[in-house]
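For reference, the structure discussed in these notes is given below.
The values are calculated or read from the model by the stated rules, or taken from the named source; none is laboratory data. Being a predicted model, the structure only gives us computed values, none of them experimental. Methodologically, a virtual Cβ is constructed for each residue, glycine included, from the backbone with ideal geometry; neighbour enumeration extends over all protein chains shown.
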Amino acid sequence: MTALKTLMVLALSLALGVTGVAYGQAVKNPDTLVKVKFGDPESLDPAYAYDTSSSEQILWHVYETLVFFNGGSTGQFVPMLATEVPTVANGGISKDGKTYRFKLREGVKFHDGTPMTAEDVKYSLLRFMFMDRDGGPSWILLAPILGEEGTRDEKGVLRTDLFTKADQAIKTSGNTISITLNKPFAPFLSIMAEWSMVVNKKWAIAQGDWNGTAAGLARLNNPKKPEDTALFSKANGTGPFKLVQWDRQSRQTILERNDNYWRKPAALRRVIYRVVEDFGPRRLMLQQGDADIVDVNRTEQSQVENLPGVRVLPDLPQLVTQGIYMNLNVDTTGGNPDVGSGRLDGNGVPVDFFADINVRRGVAQAFDYQTAIRDCYRGYATLGNGPVPKGMFGYNPNGKWYATDPAKAAAAFREARGGQVWNNGFKFTVAFNSGNTTRQCLAQVMKANLEALNPKFKVDVRGVTWAQYLSLYRQKKLPMWIIGWAADFPDADNFASPFMHSSGTYPSAQSYKNPEADKLIEQGRTETDTAKRRAIYFKLQEIAFNDAHTLYFYPVKLTVMRSWVRGWYNNPAFFGEYMYTMSKQ
Amino acid sequence: MASFIARRMLLLPVVAFGVTLLIFALLQFLAPEMRAAAFITNPNQLTALDAIIKKYGLDQPVYVQYWNWLREVFSGNLGWSQTARLPVRAAIGAFFPATLELTIYAFVPIMLLGVWLGTAAAVHRDRFIDHLSRVFSISFRSLPSFVWGLLILMILYGRMNWFPPGRLSLEADLFVRDPSRFQLHTNLLTLDALLNGQLWIFFDALRHLMGPVLTLTMVSIALLVRITRSSMLEVLRQDYVRTARAKGLGEDVVIDKHARKNALIPVITLSSLTFVGLLGGVVITETIFNFPGIGRWGAFAAQQLDIPGVTGFAMFVAGLTVLGNLGADILYAYFDPRIRLQ
Amino acid sequence: MGILTLATRSLRQHQAQTRSLAVLGGALAAGALIIPPLRERFLQHPFAVAGFLVLVLFVVAFWTIPSDFTRRMRKNPLSLAGFTLIVLFIALAILAPLLAPTPSSSRDPYLIPQEGFATDPRPPRPGHPFGTTEGQYDLYYGIVWGTRTALRVSMVVILISVVIGLALGGVSGYYGGRLDEAIMRITDIFLAFPSLILAVVVVAVLGRSLTNVMIAIALVNWPIYARLLRGDILTVRGRDFVEAAKAMGGGDVRIITKHIVPNAIYPFLVFTTLDVGLIVLTAAALSFLGLGAEVGYADWGMLINLSRNWILGAPGNPFAYWYVLIFPGAAIFLFVLGWNLLGDAVRDILDPRLRGAG
């Protein structure tokens, strides 16, 4: 009994004792910026990381690239570790468009004090290419430099001949590094702005990392666990912040200011990334000033608006295209509940239901884009007219897209399969990955719109776990599904290929193949003449419109921060915030 | 007694491996692509699914996968937890101290309050306090624990700013991480704070513990109240209590000295089971309060189909459960002479 | 048939009560038939109405037949409250089509109708007495039909658990020996898991759906039943009447069903009653972890999960979205509370140790 009383008294005094401290609107932790996110990074190794959570923590903070984006632009560059941006005019790019020469900045030091050399850059690029883990980012450099997608043959054996090739393609002389591409590749500079992170060769080797020779490649190539790479949780870059610790137990990464930075040291002394999965505590931390920037889903936006001392930026451009995909050849082996009976008898759809252009156009004209954008995106998205998102080179602002018109949609469905679709009706499932409320909402709008056309049209909406979603999608079992695509690097090719090339991520699951599109995409990659290149992507947009195998949306980004955060700016190509320019006041 | 304990100890690995067998049996139902999902973080990686499946042998028959896993275990390696971003053994080592600390702190009010309420209810049977304790304990366990947790978070952090989520505040956290100022001996932060003589860290850690402790107390206390109450009721009817009363001893003395002591036997037994029960209870609580313990990891690993993570977590918890049950049996035998003699 | 005769017999015994009930029932029936929209609804759902009448008869019969059980229950206001709550929920489940009619455009009554698709919940208003939650799902409809889901989930899970538990526990307790040892080790394995984790793995493996939720909970639940029954059987087995039956050469199955099960069934019943609440809570916890019923399916756990983002309210107004949690929360709370109260009462009534004391 007495013990209990003591406990209660203790708890009460504790509670009362601390309340006074926490309130007040003064800047909390003025030299430390805390960002609270919903996902852990996968690895802090620049050659392994291929997700925004990982990249946002190291890219341009710990590691730097040869060139950088100019302000908020994705197509203009400023020098970073190089002294100037190579162009054909200044001789940095060869006449044939294949060789890029970067002269390196003098006096740049790594965090341990050793000066950066061209040898470090070469080592970093080769390391990035030959780490090549399954599902990793290495193809981004492999494709333009070697013309290969991977470093292993069919049997999974490392191809050492590729290393010899790469070793010759990347050359150093003094403090200049030159990279020769397999074929001219228009977006190479945007790749360099994101994927040329420079690591410290000597230090890395001392950590037991790749020794820089062909003989050592076997250990570097395709690591089994993220932890197997020496730079998994350690870093030694040139950036304005040093990696202090990635604590996987308390799920946070701590960066500290690099006082020997080659420019003026950053204003922030510390940057901390914390992971809090639940929105509730995340919002409360923002409200209490314990967090300066938090991840907020569009769904949760109304709960951070009008919070005192909080700034909500609801419509930042980003390089994301969300698609609603129609499957032209659904797989039904072993039964497939998502196509119902599998026949056009009013209780299912045949496997090639969406192969009929009239069906696809019917869908595209039945869908109520306005409602979808208003309700599913809170109005923060634009209707897409093709894969290339708004604001990016290759986007056609005058490109045509279907208007919502139930009458025209009905007409298209009447024409489909000689009127059978209209007379018999159909039933199929629209799938989304459960938990993603935006996609769920899009699916429901689709259901409502199609069912309103004809009482015989039936659409089911089904949410499946991410794991199931991947599995079903890969097996081509989903007749219609919804998923997004974020840029690997800011270039139109990175959108045209996955959405329209027959071997691309989505067309290969949709069984969509248009030889003309394939040819145009391949041309677009190598075309260095800007005007001609733009024309190619405009033409691709037209094909996207005519074929209507996918409906597109360009959602914008939502960022939420305390209003005491200063110096922040957005670039659509960023994976997170660029902390160097930021401070708290 | 010794042979009984030995037998139970022998069962420990049997149960732990049974648990792993169960999980691998469940794997039978899983398409390789679904497991590969644990390795995919963005849609841009979808094209590499085949390679990922091959790399990790996810398409092999389940018994082959189990055999490979077993071989790893016997070489002292529990595998890599994709969700913790840590080797499984390191993950257990990293997450368990926080959970242990939380469990210890939750254990105290549950036992004290539970025994007190249970005794009071029995002594004043069918009177106000009995009904009140019953209403409370039943109400507490009639709402999902996550609703309680969210309500506590909303009021005591959002509104009052008393008990924040997480394990330490930012300043305390940075302080604790600095080896020149703070030594981590046990990873039980309150204890370490005292060992380092940093009282403010102690209070900071305690503040963060309060929310989850309150939630756990609310959902776990009912059982204890009930057991204490019925055990107390039974004791109150025993002859020696009647004798004590007949001797003219005061009611307080009778209850404190004679009745409660004996009524506590099943309660003490229950204590180690409560401890084990709390280990299950932390799954939801830790998730809500963002408390970096083993429960949150276990739930996350299960959701993400991080099979090495789930198996390692389950084996560990199974081991603890078996130990806890063993503890209960030993305590029971120790306190109840009738059992000891058998 | 038995119920009806019992009911009539008891009705005769309780004239006064019966008369008032009859008057009330008659008035309700007359009212229902006179008011046209109500009449229409009644006629549209004859089965629901018939089911409701059977329930009323059953409750009246149960309540008016004098028994030790009801006498004790009457004395305890808490158990009475529990009983009332459960009867109300069952009535709600039966009358769901009348109380919350399914829109004609809907193909499945368990899919909650949506009013638009907007994210932010909207407060109670005409047509939506409880408001609409995230995604504009009607809360009233979801809660009414969710009663059916809750009852179905708990009944199915208990049925599966009891069947497996009876079979394995019975075999284990009756035959003993190695078989017993083996079965008990299997239950050890299942019980060594935090049940929620095992359930999460099962649903994650099988895929998210209500059926799989039921399978998962049954899978983590049966060992408790098996153990319980085994323990009961062990205590009953040694008793004289079982030995006598054995001596007389009764078959095993006959002895189990005729002698052991009836004597071991009471603690089992208590546990089952308490378990209903636990099952619904576990299902809700699975929903919380994103592994429950499909979004939009009439299920309380799903509705609570939808409320998760809104519990903290709007800035400056912490209770702006009170209705998204309060209504489904209250439904689940009252339902589980009802079963818990009843279970506690049944235990107290059946527990011989507590009988007659105090």
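Okay, here's what the table says:
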{"item": "Residue in region A:298-320 that is among the charged types (D, E, K, R) and touching a helix residue (DSSP H, G or I) at 6+ places or on another chain (Cβ under 7 Å) present", "result": "yes"}
{"item": "Which numbered condition residue B:108 fails, given (1) within 12 Å of chain A (Cβ to nearest Cβ); (2) surrounded by fewer than 21 Cβ atoms within 10 Å (Cβ to Cβ); (3) assigned to a loop (DSSP other than H, G, I, E, B)", "result": "(3)"}
{"item": "Matching strands (runs of 3 or more DSSP E) fully within region A:424-512 where at least 3 residues are within 11 Å of chain B (Cβ to nearest Cβ)", "result": "A:480-486"}
{"item": "Conditions (1) crowded, with 19+ Cβ neighbours inside 10 Å; (2) at pLDDT 95 or above; (3) in contact with a strand residue (DSSP E or B) (Cβ under 6 Å, 6 or more places away or on another chain): number failed by residue A:348", "result": "(2)"}
{"item": "Selection count where residues are within 7 Å of another protein chain (Cβ to nearest Cβ), assigned to a loop (DSSP other than H, G, I, E, B) and among the aromatic types (Phe, Trp, Tyr), scope region B:37-92", "result": "0"}
{"item": "Number of the exception - residue B:30 against (1) in a loop (DSSP other than H, G, I, E, B); (2) within 14 Å of chain A (Cβ to nearest Cβ); (3) over 26 Å from residue C:190 (Cβ atoms)", "result": "(3)"}
{"item": "Complete set of residues in region C:305-355 that are β-branched (Val, Ile, Thr) and at the interface with chain B (Cβ under 9 Å from one of its Cβ atoms)", "result": "C:311, C:332, C:336"}
{"item": "Scope region A:313-343; condition within 21 Å of residue A:476 (Cα to Cα), out of contact with any Pro (no Cβ under 8 Å at 6 or more places or on another chain) and either within 14 Å of chain C (Cβ to nearest Cβ) or in a loop (DSSP other than H, G, I, E, B) (or both); matching residues", "result": "A:328, A:329, A:331, A:332, A:333, A:334, A:335, A:336, A:337, A:340, A:341"}
{"item": "So residue C:68, is it at pLDDT below 90, within 25 Å of residue C:331 (Cβ to Cβ) and of a type in the set (D, E, K, R)", "result": "no"}
{"item": "Test result for residue C:252, without any contact (Cβ under 8 Å) to a residue 24 or more places away in the chain and more than 26 Å from the chain's Cα centre (by Cα)", "result": "no"}
{"item": "So residue B:275, is it under 30 Å from residue A:251 (Cα atoms), in a loop (DSSP other than H, G, I, E, B) and not polar (S, T, N, Q)", "result": "no"}
{"item": "Selection within region A:344-380 - in a helix (DSSP H, G or I) and under 13 Å from residue A:404 (Cα atoms)", "result": "A:361, A:362, A:363, A:364, A:365, A:366, A:369, A:370, A:371, A:372, A:373"}
{"item": "Residue C:256, sole failed condition from (1) more than 9 Å from every other protein chain (Cβ to nearest Cβ); (2) buried (at least 24 other Cβ atoms within 10 Å of the Cβ); (3) not in a loop (DSSP other than H, G, I, E, B)", "result": "(2)"}
{"item": "Pairs where the first residue, in region B:186-209, is more than 11 Å from chain A (Cβ to nearest Cβ) and over 16 Å from residue B:169 (Cα atoms) and the second is in a loop (DSSP other than H, G, I, E, B) and among the basic types (Lys, Arg), C-beta under 9 Å, 6+ apart", "result": "B:196/B:181"}
{"item": "Candidate set: region C:193-208, residues that are at negative phi and more than 7 Å from chain B (Cβ to nearest Cβ); chosen: the one surrounded by the most Cβ atoms within 10 Å (Cβ to Cβ)", "result": "C:199"}
{"item": "Within region A:258-312, tally of residues that are among the hydrophobic types (A, V, I, L, M, F, W, C), assigned to a strand (DSSP E or B) and farther than 27 Å from residue A:44 by Cβ", "result": "2"}
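Residues are listed down the side, and each one gets a yes or a no for (1) more than 28 Å from residue A:435 (Cα to Cα); (2) without any contact (Cβ under 8 Å) to a residue 60 or more places away in the chain:
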| site | (1), (2) |
| --- | --- |
| C:87 | yes, yes |
| C:102 | no, yes |
| C:110 | no, no |
| C:121 | no, no |
| C:125 | no, yes |
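Let's see how each residue does on (1) surrounded by fewer than 21 Cβ atoms within 10 Å (Cβ to Cβ); (2) polar (S, T, N, Q); (3) within 14 Å of chain B (Cβ to nearest Cβ); (4) part of a helix (DSSP H, G or I):
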site	(1), (2), (3), (4)
A:41	no, no, yes, no
A:50	no, no, yes, no
A:71	yes, no, no, no
A:85	no, no, no, no
A:95	yes, no, no, no
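Residue-by-condition table, conditions (1) among the hydrophobic types (A, V, I, L, M, F, W, C); (2) at pLDDT below 75:
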site	(1), (2)
B:236	yes, no
B:243	no, no
B:247	no, no
B:253	yes, no
B:256	no, yes
B:263	yes, yes
B:276	yes, no
